[in-house]
Amino acid sequence: MVYLDYNATTPLAPTARASMLPHLDGGFGNPSSIHAAGRRARAAIDDARDSLADLLGVRSHEIIFTGGGTEACNLAVIGLARAHTPRGKHIITSAIEHHAVLHAFDYLKTYEGFEVTLLPVNVEGRVNPDDLAAALRDDTTLVSVMHANNETGVLQPIEELVSICAKRGVLFHTDAVQTMGKIPLRPQELGVSALSLAAHKFYGPMGVGALYVGSGIALMPTVHGGAHENTRRPGTENVAGIAGMASAATWATSHASETAARLSPLREELWQGIQAQCPSAIRNGNPDHCLPNTLNISFPGSDGESLLMGLDLEGVCVSSGSACMVGSIQPSHVLLGMGLPRDTAMATVRYSLGFHSTPADIQHAIRATQKVVSRQLPQ
């Protein structure tokens, strides 16, 4: 099997597994308990928080552990928006955000009376800073634009966008779920107010994430029932998951530069090989402002679902640029937002490489893609 779906999830790093085992095999104390077993669990969380904070260049109390990237994004968007309603109820995001952000904005608009502005993107999938500047109002309180897109890998001009917001005193959240462990990530260098992470995207366990919120920034919890995470995220912490997350973050960031340097040429080899075999293929996104591991290709005239099934039968694990909903393939809102026709957006494959990807994997994927596409589009 050739696994090229690292943007969906990654295998667990051995060091992360080793960090989790003590809490799965005998170390079962509740971190809120005051006895020895509880204190050991609390110490593991504290150590993990310190480690993750150090990697990000932030302070430990600025890290909130969550149940994953979706919860981290929801807590950031809803928690920040609610906390700053005295100033206004206008919030801004981009049209290509992950649904963890878009649906949170929809909720605030539908049920809590917020006004939402969706920023467009250009054909390369990037937000124009001038569009953000024009959209800001006196009652704007929050902007959320992702660091890198999960489907195309396109990087947004976060520093420019943050600078525009800072001049107006507007909070800025970024969904950095896809960037941790792939490219350098320092919230304070980006200038963001809040930043979301998910462990399973950087070789950690599923079901655990984190949210950075800068010191002194008010945040309302989105769930209630305890004083955990300094009252910001109630609920007994996932000790094993948190320990694994911190260990995975350390492992991934220590390999990030080397891995990026190796994967970027492999990604280009994959594109060139597919392009040579399938001349009508279209590469989506800006290759100069993109994660080193991500390649999004449309095959006009093909059927997206058949492409995925065919590649799976050829032993290649990839994803579509579409979301599978209730058994039917829907066109990607990201690709539609970039101006692709609906049929082209439907006929799209995302290849995402990772630490274990090899040149042999790339060659297998090229051959498999040519074979599957040729069945639908005879040469």
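Structure values in brief
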read-out	value
Given (1) surrounded by 15 or more Cβ atoms within 10 Å (Cβ to Cβ); (2) outside the structural domain of A44 (by TED's automatic domain parsing), number of the condition P279 does not satisfy	(1)
Boolean, L211 is buried (at least 24 other Cβ atoms within 10 Å of the Cβ) and either touching a residue at least 60 places away in the same chain (Cβ under 8 Å) or within 17 Å of L55 (Cα to Cα) (or both)	yes
Residues (on the phi > 0 side of the Ramachandran plot and without any contact (Cβ under 8 Å) to a residue 40 or more places away in the chain) located in the stretch 104-148	G113
Sole exception among (1) assigned to a loop (DSSP other than H, G, I, E, B); (2) touching a residue at least 24 places away in the same chain (Cβ under 8 Å) for H173, by number	(1)
Of the criteria (1) assigned by TED's automatic domain parsing to the domain that holds I63; (2) out of contact with any Lys or Arg (no Cβ under 8 Å at 6 or more places or on another chain); (3) hydrophobic (A, V, I, L, M, F, W, C), which one L263 fails	(1)
Test: residue in the stretch 50-73 that is assigned by TED's automatic domain parsing to the domain that holds L185, within 30 Å of L119 (Cβ to Cβ) and hydroxyl-bearing (S, T, Y)	yes
Selection count where residues are over 11 Å from the mean Cα position of the chain (by Cα) and over 19 Å from G57 (Cβ atoms), scope the stretch 164-200	7
Matching residues in the stretch 166-206 - criterion: being in contact with an Asp or Glu (Cβ under 9 Å, 6 or more places away or on another chain) and either over 15 Å from A76 (Cβ atoms) or at pLDDT below 95 (or both)	R168, E189, G191
Selection within the stretch 338-360 - touching a residue at least 60 places away in the same chain (Cβ under 8 Å), crowded, with 19+ Cβ neighbours inside 10 Å and in a helix (DSSP H, G or I)	T344
Count of residues meeting criterion [buried (at least 17 other Cβ atoms within 10 Å of the Cβ) and of a type in the set (F, W, Y)] in the stretch 103-139	2
Residue match in the stretch 234-243 (condition: part of a loop (DSSP other than H, G, I, E, B), within 21 Å of the chain's Cα centre (by Cα) and acidic (D, E))	no
Residues of the stretch 2-21 classified as in a helix (DSSP H, G or I) and either under 23 Å from Y212 (Cβ atoms) or at pLDDT below 95 (or both), total	4
From the options L75, L118, residue that is of a type in the set (A, V, I, L, M), more than 26 Å from N296 (Cα to Cα) and in contact with a Ser or Thr (Cβ under 7 Å, 6 or more places away or on another chain)	L75
Test set (1) of a type outside the set (V, I, T); (2) within 30 Å of H103 (Cα to Cα); (3) without any contact (Cβ under 8 Å) to a residue 60 or more places away in the chain - F299 fails condition number	(3)
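The values are calculated or read from the model by the stated rules, or taken from the named source; none is laboratory data. Everything numeric here is computed off the predicted structure, so don't read it as measured data. Positions of Cβ are generated from backbone atoms using ideal geometry, with glycine treated the same way; all protein chains shown enter the neighbour counts.
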